[in-house]
Protein chains: 2
Amino acid sequence: MQFLMLLATPGPTELHKRVLDAMCKQVVSHRGPELRELYTSLVEKFRKLLKTDGSVFVLACSATGGIECAVSNIINKGDKVLSPVFGVFSERFAEAAKFYGAEITYLNIKPQTAPTPEIIKGALDEGTYDVALLVYNETSTGVASRDFHEILKACKERNVLVAVDAVSAAGGLPLKIDSWGIDICVIGSHKCYAGPPGLSIITVSEDAWNKIRSSRRPFYFDLIKYKKFYEENRETPFTPAVNLMYGMNEALNIVLEYGADNWMRRHMDFANSIYEVLEKANVKLFAEKEYRSPTTISISLPNNVTDSEIIEELRIKHGVVVAGGMGNMKGSLIRVANMGNLSVEKTVKVYDAILDVMSFKVDGINRQAVEALGESLRKMGYR
Amino acid sequence: MQFLMLLATPGPTELHKRVLDAMCKQVVSHRGPELRELYTSLVEKFRKLLKTDGSVFVLACSATGGIECAVSNIINKGDKVLSPVFGVFSERFAEAAKFYGAEITYLNIKPQTAPTPEIIKGALDEGTYDVALLVYNETSTGVASRDFHEILKACKERNVLVAVDAVSAAGGLPLKIDSWGIDICVIGSHKCYAGPPGLSIITVSEDAWNKIRSSRRPFYFDLIKYKKFYEENRETPFTPAVNLMYGMNEALNIVLEYGADNWMRRHMDFANSIYEVLEKANVKLFAEKEYRSPTTISISLPNNVTDSEIIEELRIKHGVVVAGGMGNMKGSLIRVANMGNLSVEKTVKVYDAILDVMSFKVDGINRQAVEALGESLRKMGYR
């Protein structure tokens, strides 16, 4: 008997049966009408969800590949780049950019927090920058920027191109590519939209194209090729991951049936209820209150407890899978997804399990607090 | 009613129902035991098939991504690189390498042919090279190198590292990574092994590691990270395309049940019978006889017939999907896969359809020749 796990890692998220079924359709030629229709459909759905009339591409690579694509296209040797760093993914963004010759100014942000418009404005006024690399939601620490559009505005007012890692934000936090002025934005398939892992979605603004046209670009990630192939034939320049596209398309159908705004609000409402319950349970949350991510819940562990023992017990005793800490936080955090379409029942099961396991290892945990979670979510009409 | 097409493009190939079913299993965490088991299983199977005890990685990207990975890791700025060019994919190999600072010496080979050991030896003796970029099977023209191991030997004897594009060769042509001395080899998931599109497989030799350790490497394709994550935890550094891995694993199960050598011989035997029948049918084959690829059959069209009209009629009248020409050959070729596990019945259907459509457009086509195809394959015991 296969014991089915409840997947609550901050990516990948559990796939809906409709998504799984969609993925196992026979593959088609990537130079034929079926793929063109599929790709166009994906692009149009992402345009709607991400609120952009600009370019959208679906790449055959994981989200880090999308980050590689973004920096390789947008960064020229010697570019002055501002990189606020507050976790593994913002560090990686800068590291990826360095390969292409970026001259990085690191802006160290306290890991329990996220950059604010004030901090970014201050940094921008102290130097001159070509590009800012901005992570909207730091999956490694479970913090998200509030007033992110104000940060973008500050950059744009100073003619700084903005490259955004919205990998784990899109779908779960407000995001408006065009009206917020995002030049290049990277999104993962397997986070809040609950598609299969292995695709990266990237958006490109007109300002970004102006820069990209004059930049040296690697072969596989050359966005000019993606643009040409899409505009001429609604195709991808290289073999697409067709079955993942089938799955992603169905995942987006589910989101759109639910309503894009409802989908996002669901993430916010669930997060609020979860954080409230965890506070009542005396769980120590890693992120400071005003920076807590609605999509990634990070829980601090005391020194005598490691993430791996909690993870292992959650797996064995409850069949619940969560993630551990990353980078400097390795060992001292567990990270839980509030992404995609985890039902109320499953969400309750996840936190019931977490509080159960933690209650044996961490002093003062109030297990009963979880009882309020299902009630509070159902009262708001969620199932 | 959905009209099911018969896919005979030289990648992707039709997926076996077992592969389709395997892909629609629920996704798992990429930091848990299920993924470690899956990845290890894939690596071990590829080691067996590719005859290597060295490193094997499965990347979340299409084969061109694998090529990008290979050149970005193996090439340092200023490296002298020998690039025999005889079609789109060999051209691309060089173009990808140029981005990383390769100083390329192009060796133009007649497109109807492939490089021979003599040609390569001659070129090697005229210059000094750090790396040779060798395409084993040129999918764009349907030619393959014979005595490929002799070409490799000539390179190794002169201390030239060999990077091999075996994307559409592996599984359909002899290939022995270790004993042939291949330093870095790239394989596609969706060609002769008939897995889903969207994965790239890469092998790395000890000599290659020695070079890679001292090279600058982009973030997403940094093979040192892949090595570290595999050795320490049997994991990938970045989110793997889990469902594609499920599918690939089942595709390899099918190959191994059939027998790796039988699988390869099947490609060779089918190709021989197909070429014989096409010659009898008076079809003009693009490749010269001794260079014809067993995995990609390329058919030349007369000036008054374009590939797209043949492709369109094959699709509409017969539900058969083949590919057109690429690069300079755009318009003037059709390319047909002999890859994976197309049955005798389906193979006959493909060539029956091709001869039918061509007989109305090209003078002298002998449609009846196809009748011998099924018989000859069945006589050899194929189904």
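What follows is calculated from the coordinates using simple rules that are stated; it is not laboratory data. These numbers come from a predicted model, not from an experiment. Virtual Cβ from ideal backbone geometry, glycine too; neighbours counted across all protein chains shown.
Quick one: Debye curve from the alpha-carbon atoms of the range B:259-379 only, equal weights, vacuum; give me log10 I(q)/I(0) at q = 0.15 Å⁻¹ to two decimals.
Evaluating at q = 0.15 Å⁻¹ gives log10 I(q)/I(0) of -0.63.
Based on the Cβ-Cβ distance from B:Asn262 to B:Asn233, what FRET efficiency comes out when R0 is 35 Å, to the nearest 0.05? Don't skip to the end; give the middle numbers.
Values: r = 35 Å, r/R0 = 0.99.
Step by step, r from the Cβ atoms, then E = 0.50.
Using a Förster distance of 22 Å, how high is the FRET efficiency between A:Asp178 and A:Glu44, based on the Cβ-Cβ distance and rounded to 0.05? Provide the component values of the computation, followed by the final result.
Working: r = 15 Å, r/R0 = 0.68.
About 0.90, to the nearest 0.05.
Based on the alpha carbon coordinates of the range B:146-253, what radius of gyration and maximum Cα-Cα distance (Dmax) apply, in Å?
15.0, 42
Going by how many other beta carbons lie within 10 Å of each one, how would you line up A:Lys191, B:Lys51, fewest first?
B:Lys51, A:Lys191
Could you work out the percent of alpha carbon pairs in the range B:48-160 separated by over 17 Å, rounded to a whole number?
57 percent
So what's the projected area for the range A:17-257, the Cα convex hull averaged over all directions, in nm²? Don't skip to the end; give the middle numbers.
Details: hull surface 47.9 nm².
The number I arrive at for the range A:17-257 is 12.0 nm².
Calculate the length of the line joining the C-alpha centroid of the range A:159-232 to that of the range A:324-383, in whole Å.
A separation of 32 Å, based on Cα centres.
Round to the nearest 10 and give me the degree value, 0 to 90, for the angle of helix A:242-258's Cα axis relative to the longest principal axis of chain A.
Between helix and principal axis, roughly 70 degrees.
Output wanted: per-residue J couplings in Hz (rounded whole) for the range A:105-116, from phi through Karplus 6.51 cos²θ - 1.76 cosθ + 1.60, θ = phi - 60°, x for Gly and Pro.
9, 7, 10, 7, 10, 4, x, 6, 10, 10, x, 10
Share of antiparallel DSSP beta bridges in the range A:17-257, in percent to the nearest 5?
So the antiparallel bridges amount to about 45 percent of the total.
Per the Cauchy relation, a quarter of the hull surface: what is the mean projected area of the convex hull of the alpha carbons in the protein assembly as shown, in nm²? Could the numbers behind the result be given before it?
Details: hull surface 128.0 nm².
Its Cα hull, projected and averaged over all orientations, spans 32.0 nm².
Which of the peptides B:224-232, B:283-291 is most tightly packed, and how do the rest follow, judged by the mean count of other Cβ atoms within 10 Å per residue?
B:283-291, B:224-232
Would you mind listing the distances between the B:Asp53 label point and the same position in each other copy? Use 7 Å along Cα-to-C-beta, nm, one decimal, shortest first.
From this label point to the equivalent ones elsewhere in the assembly: 6.3 nm.
Evaluate peptide B:245-254: per residue, the Cβ atoms of other protein chains within 10 Å of its Cβ; return the mean as an integer.
On the way: counts 2, 1, 4, 0, 0, 0, 0, 0, 0, 0.
For this peptide, the per-residue mean of nearby foreign Cβ atoms is 1.
Residue-wise, which Karplus ³J(HN,Hα) couplings in Hz belong to the range A:18-33, taking 6.51 cos²θ - 1.76 cosθ + 1.60, θ = phi - 60°, and x for glycine or proline?
With coefficients 6.51, -1.76 and 1.60, one gets 4, 5, 4, 4, 5, 5, 9, 6, 4, 6, 10, 5, 7, 10, x, x Hz.
What average count of beta carbons from other chains do you get within 10 Å of the Cβ of residues in A:8-18?
3
What average count of beta carbons from other chains do you get within 10 Å of the Cβ of residues in A:278-290? Show your work: numbers first, answer last.
Values: counts 0, 0, 0, 0, 0, 0, 0, 0, 0, 0, 0, 0, 0.
Neighbouring Cβ atoms belonging to other protein chains average 0 per residue here.
Relative contact order (percent) for chain A, with alpha-carbon contacts under 8 angstrom and 6 or more residues of separation?
This gives 23 percent for chain A.
Could you please report the charge total around A:Asp125, scoring K, R as +1 and D, E as -1 over all other residues with beta-carbon less than 13 angstrom from its beta-carbon?
Residues near A:Asp125 contribute -1 overall.
Run lengths n ≥ 4 of DSSP H only: what is the helix-derived mean residue ellipticity at 222 nm for chain A, with -39500 (n - 2.57) per run over all residues, to the nearest 500?
-13000 deg cm²/dmol
Where does the charge balance sit around A:Ala287 when Lys and Arg score +1, Asp and Glu -1, over other residues with C-beta under 15 Å from its C-beta?
So the surrounding residues net to +1.
How much of the DSSP bridge set in the protein assembly as shown is antiparallel, in percent, rounded to the nearest 5?
55 percent
Under the convention of a label 7 Å out along Cα→Cβ, give the distances in nm from A:Leu256 to the same position in every other copy, shortest first.
4.1
With a 10 Å Cβ neighbour count serving as the proxy for reagent exposure, in which order, fewest first, do A:Met5, A:Met380, A:Met358 appear? Kindly include the intermediate steps, with their values, before the conclusion.
Details: A:Met5 18, A:Met380 14, A:Met358 26.
Least crowded to most crowded, the residues run A:Met380, A:Met5, A:Met358.
With the label 7 angstrom out along Cα to Cβ, how close does A:Thr128 come to the same site in each of the other copies, in nm, nearest first?
Distances to the matching label points in the other copies: 4.4 nm.
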